[in-house]
Every structure is written in structure tokens, then in C-alpha cells.
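The values are calculated or read from the model by the stated rules, or taken from the named source; none is laboratory data. Given the structure is predicted, the values throughout are model-derived calculations rather than measurements. Note: ideal-geometry Cβ built from the backbone for every residue, glycine included; neighbour counts use all protein chains shown.
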């Protein structure tokens, strides 16, 4: 889908994600990232602290969670709230834009669960063909 948007100076800019250099590709990279999908899933249930996100998203490193949250905050998907307490408490929540991603990302999650069996069968068949060609 090709559209026109206007930058901060009022200059028109043609947006087409199929063109190299289109800024929507960076957004697609962000929302297509597995960690973003999982963070949106957890935060879709409500505000969470870093430690809770780390505990709920098995396999994510502290570094990757920090990076993902920072990028999501920069993109306007997550809001980070610091509470001036001792010790300092930090909580994360989805913004309106982040909440708008819940339904499409949940659909992808459900699709992956529903089709996992078929994908695994296809992968096995493909790998066997490759092994037969190599042998």
C-alpha cells in the first residue's frame, strides 16, 4: 500500500514498504521481532516491572530485554514509568499504539501454535530431501 505522509517540516513523503529505505521497514522489523511480540503479549495483561517481564519471557537475556524495551519506548509502543522510591521502582506499560498491536500479534501467536505441527512436518520433509541430495 502506497501512501503519502508529511514530515515535521510539512514536506510530503511517499511511503511504500516495498521500496528499499522506506522507514516502515524499521517498524516492521520492530513489530516482527519475537521479543517484541512476547513483550506485547505480557504487557497486554497489564503493567509489569522489568523482573516480571524477564521471568515471564523465558530465554530472553537481560541485555536483550533492556534493548527491546528501549526500542519499543523509542517507537512509542511502551511507556516507562520511574517511581521515586528507595529503591527506585520502574514499570512498563503499553501505550495506545502498543495496545493496538495486541490483536494482530495475538493472531500471529495463535497462527504459529495452530500450524506448528504442519511446519514441523514440512521442515522434516525438506531436511530429508536435502540430506538425500547431499548423500
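Listed values, structure above:
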quantity: Residue list for the stretch 3-23, restricted to those being loosely packed, with under 11 Cβ neighbours inside 10 Å and over 23 Å from the mean Cα position of the chain (by Cα); calculated: 3, 4, 6, 7, 8, 9, 10, 11, 12, 14
quantity: Residue in the stretch 87-101 that is in a helix (DSSP H, G or I), touching a helix residue (DSSP H, G or I) at 6+ places or on another chain (Cβ under 7 Å) and in the same structural domain as residue 47 (by TED's automatic domain parsing) present; calculated: yes
quantity: Filter result for the condition that a residue is within 23 Å of residue 26 (Cβ to Cβ) and in a helix (DSSP H, G or I), over 120, 116, 65; calculated: 65
quantity: Residue, nearest to residue 27 (Cα to Cα), within the stretch 68-89, restricted to residues that are in contact (Cβ under 8 Å) with a residue 12 or more places away in the chain and surrounded by fewer than 14 Cβ atoms within 10 Å (Cβ to Cβ); calculated: 76
quantity: Enumeration of residues in the stretch 68-84 that are assigned to a loop (DSSP other than H, G, I, E, B) and under 14 Å from residue 101 (Cα atoms); calculated: 75, 76, 77
quantity: From 45, 52, residue being under 16 Å from the mean Cα position of the chain (by Cα) and either in contact (Cβ under 8 Å) with a residue 60 or more places away in the chain or within 27 Å of residue 88 (Cβ to Cβ) (or both); calculated: 45
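Residues are listed down the side, and each one gets a yes or a no for (1) within 12 Å of the chain's Cα centre (by Cα); (2) modelled with pLDDT of 95 or more:
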{"position": "62", "(1), (2)": "no, yes"}
{"position": "71", "(1), (2)": "yes, yes"}
{"position": "76", "(1), (2)": "no, yes"}
{"position": "80", "(1), (2)": "no, yes"}
{"position": "92", "(1), (2)": "no, yes"}
{"position": "95", "(1), (2)": "no, yes"}
{"position": "107", "(1), (2)": "no, no"}
{"position": "115", "(1), (2)": "no, yes"}
{"position": "120", "(1), (2)": "no, yes"}
